[in-house]
Amino acid sequence: MQLLTNLLFLLAKPTGTTIYALNLLPHLQKLEPILLTSQSFPNYNCYQTPPNLTSEQGLKGHLNRLLWTQFQLKVIIFIELMRKIEQ
């Protein structure tokens, strides 16, 4: 089973939620999660997302994130399933 962790909500200026998520990451590393993020996290399997999907862009960022998640998430899951089958 693979853990997909959505970090699209992370902001450049840390908030409580951002700090909590960043502190939680090292504890998840043993599970080898796939991170959805516009930021770089060495030693993690990351799917880079466009940088315009955070609440820093206001309502437009929220809507972009919603649309991206609805349409791209299926593609990412399909790719990961194909990878597992090939192994």
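The values are calculated or read from the model by the stated rules, or taken from the named source; none is laboratory data. This is a predicted model, so every value here is computed, not measured. Using ideal geometry, Cβ is built from the backbone for each residue, glycine included, and neighbour counts are taken over all protein chains shown. Just the protein is used for accessible areas: all its heavy atoms, side chains included, with ligands, DNA and RNA removed. Shrake-Rupley method; radii C 1.70, N 1.55, O 1.52, S 1.80 Å.
Couple of notes before you dig in:
- Phi angles across the range 2-7 convert, under the Karplus curve 6.51 cos²θ - 1.76 cosθ + 1.60 with θ = phi - 60°, into 3J(HN,Hα) values of 10, 9, 9, 10, 8, 10 Hz, Gly and Pro given as x.
- Atom-type composition of the exposed protein surface of the chain places 63 percent of the accessible area on carbon and sulfur (1.4 angstrom probe).
- The lysines within cross-link reach of Lys30, meaning a Cα-to-Cα straight distance under 22 Å and a gap of 8 or more places when in the same chain, are Lys84.
- The chain, accessible area per residue, ligands and nucleic acids excluded (1.4 Å, Å²): 71 Å²
- List Lys60, Lys84, ordered by accessible area with a 1.4 Å probe, largest first: Lys60, Lys84
- Stretchable slack from Asn43 to Lys30, in nm (0.36 nm times residue separation minus alpha-carbon distance): 3.6 nm
- The 3J(HN,Hα) values that the Karplus relation (6.51, -1.76, 1.60; θ = phi - 60°) gives for the range 76-87 are, in residue order, 4, 5, 4, 4, 5, 5, 5, 4, 5, 5, 5, 6 Hz. Gly and Pro appear as x.
- Across the chain, the convex hull enclosing all Cα atoms gives 96 Å³ per residue.
- Listed by chain and number, the lysines placed with their C-alpha closer than 22 angstrom to that of Lys13 are Lys60; residues fewer than eight positions away on the same chain are left out.
- Extension gain, Leu73 to Tyr20, is 16.7 nm, computed as 0.36 nm per intervening residue step minus the present C-alpha separation.
- Take the Cβ atoms of Leu59 and Glu86, set R0 to 41 Å, and the FRET efficiency comes out at 0.50.
- Dividing the summed helix terms, -39500 (n - 2.57) for each DSSP H run of n ≥ 4, by the number of residues in the chain produces a 222 nm estimate of -16500 deg cm²/dmol to the nearest 500.
- Nearest-ten-degree value, helix 16-28 long axis tilted from longest Cα axis of the chain: 20 degrees
- Dipole of the chain, positive end: most advanced residue of Phe78, Ser55, Leu25 [Cβ charges, Cα centre]: Ser55
- Length-normalised contact order of the range 2-87 in % [C-alpha pairs under 8 Å, at least 6 apart]: 24 percent
- Probe 1.4 Å, all protein chains present, accessible-area order of Arg83, Arg65, largest first: Arg83, Arg65
- The dipole here belongs to the chain: it is taken about the Cα centre, uses +1 on the Cβ of Lys and Arg and -1 on the Cβ of Asp and Glu, and is about 120 debye.
- Around the amide H of Ile34, modelled in the peptide plane, lie the amide H atoms of Leu3, Leu4, Thr5, all under 5 Å away and 5 or more residues distant in sequence or on another chain.
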